[in-house]
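The values are calculated or read from the model by the stated rules, or taken from the named source; none is laboratory data. Not measured: the values here are computed from a predicted model. Cβ coordinates were reconstructed from backbone atoms using ideal geometry, including for glycine residues, and neighbour counts include every protein chain displayed.
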Amino acid sequence: MKITGNTVLIAGGTSGIGLELALRFHQAGNKVIVAGRRREALDAIAAEHRGIETEQFDITDNASIRRLFETVTAKHPRLNALVAMAGIMRPEPVLDSGSLETAERTVETNLLGTIRLVHAFAPFLTDRPHAAILTVTSGLAYVPLAATPTYSATKAAVHSYTESLREQLRETSVQVIEIAPPLTRTRLMGEGTDNDRAMPLDEFASEVMGLLESEPEARQILVERVKRQRWAEVDGTYDEIFAMQSGRR
Ligand SMILES: NC(=O)c1ccc[n+]([C@@H]2O[C@H](COP(=O)([O-])OP(=O)(O)OC[C@H]3O[C@@H](n4cnc5c(N)ncnc54)[C@H](OP(=O)(O)O)[C@@H]3O)[C@@H](O)[C@H]2O)c1
């Protein structure tokens, strides 16, 4: 991917990884539009970072995604990159009846949301030079976290979807890139941002931007820390890592 001179929409950029990458793209000389649900977060981003545009949307609502598409392409006809970042991760004890709703919401947000975004934006992007669609999976796409079965499954599904999408768009101008973050210090699970086992957010964003620049044809963006999960099956370490993630080792 070209890392400067783009018009980039980060769908799910009001906090965490999306916001950090939005700032990095902005600094690198791209026009950046951040979309998310929280109005106050969007207003704070617009106030603090001159030049970054914001739009409100809800990825679980297809009409809202269609409105986002109409608004962003009308205001920014040079749009050439979409980052499908929005995601949720909640504990899902399957014997707890309440967790079915969590599971359904997770599919709607992480998987169906990504698919709906692609359907809304891909036809427009195929007419744009140097276009890119970036999806966001996880190390948990490759070795699941038993405490969040649906979350892990949605990320494995987005990985699979991304592979097919890339193949379908092979003859177009659209580059399809999967970002697979490791555990990173954000508030995704509602925790604080001081988890020692998690990668510091600024280090993660720097490594991602470095990889996008140094490997412009990359299909996957894999920071060093995620490689043990990404290649666990190949390395023969899957059972060990799965047990460790399940708290059994
Ligand atoms: N942090 C990690 O360890 C880690 C590891 C692997 C993958 N990831 C992935 O990275 C992505 C970003 O997560 P994060 O860690 O940066 O957590 P985060 O700070 O909670 O960010 C999640 C983003 O998704 C947006 N979002 C959630 N539901 C939405 C909805 N219904 N409509 C629109 N936007 C919605 C949130 O915006 P609003 O709240 O404003 O709606 C927020 O901007 C997710 O896809 C996550 O699965 C994270």
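GLU213 fulfils the conditions (1) more than 18 Å from LEU134 (Cα to Cα); (2) in contact (Cβ under 8 Å) with a residue 60 or more places away in the chain except for a single criterion, (1). Among the residues making up segment 124-145, those that are under 19 Å from ILE3 (Cα atoms) and either of a type in the set (S, T, N, Q) or within 16 Å of the ligand (Cβ to nearest atom) (or both) are THR126, ILE133, LEU134, THR135, VAL136. Within segment 188-235, the set of residues being away from the ligand (no atom under 11 Å from the Cβ), of a type in the set (A, V, I, L, M), part of a loop (DSSP other than H, G, I, E, B) and surrounded by fewer than 17 Cβ atoms within 10 Å (Cβ to Cβ) comprises ALA218 only.
Applying the criterion of being under 21 Å from LEU125 (Cβ atoms) and loosely packed, with under 13 Cβ neighbours inside 10 Å to the residues of segment 49-74, the residue that is farthest from the ligand (Cβ to nearest atom) is ALA74.
Counting the residues of segment 32-84 that are farther than 15 Å from THR114 by Cβ and among the polar types (S, T, N, Q) gives 5. Out of the residues in segment 146-169 meeting the condition of being under 13 Å from VAL118 (Cα atoms), over 15 Å from the mean Cα position of the chain (by Cα) and not charged (D, E, K, R), tell me which one is nearest to the ligand (Cβ to nearest atom). Out of the qualifying residues, it is LEU165. Within segment 86-132, can you find the residues that are hydrophobic (A, V, I, L, M, F, W, C) and either in contact with a Gly (Cβ under 6 Å, 6 or more places away or on another chain) or loosely packed, with under 14 Cβ neighbours inside 10 Å (or both)? Of everything in segment 86-132, those that are hydrophobic (A, V, I, L, M, F, W, C) and either in contact with a Gly (Cβ under 6 Å, 6 or more places away or on another chain) or loosely packed, with under 14 Cβ neighbours inside 10 Å (or both) turn out to be ALA86, VAL94, LEU95, LEU100. Residues in segment 170-187: is at least one free of Cβ contacts under 8 Å to residues at least 24 places away in the same chain and near the ligand (Cβ under 10 Å from one of its atoms)? Yes, the conditions are met somewhere in segment 170-187.
Residue-by-condition table, conditions (1) near the ligand (Cβ under 9 Å from one of its atoms); (2) modelled with pLDDT of 95 or more; (3) in a strand (DSSP E or B):
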position	(1), (2), (3)
THR4	no, yes, no
VAL8	no, yes, yes
LEU19	yes, yes, no
HIS26	no, yes, no
VAL34	yes, yes, yes
ALA41	yes, yes, no
ALA44	no, yes, no
ALA47	no, yes, no
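Within segment 92-119, residues that are part of a loop (DSSP other than H, G, I, E, B) have Cβ atoms under 8 Å from residues that are near the ligand (Cβ under 10 Å from one of its atoms) and of a type in the set (Phe, Trp, Tyr) in these pairs: GLU92/TYR151, counting only partners at least 6 apart in sequence or on another chain.
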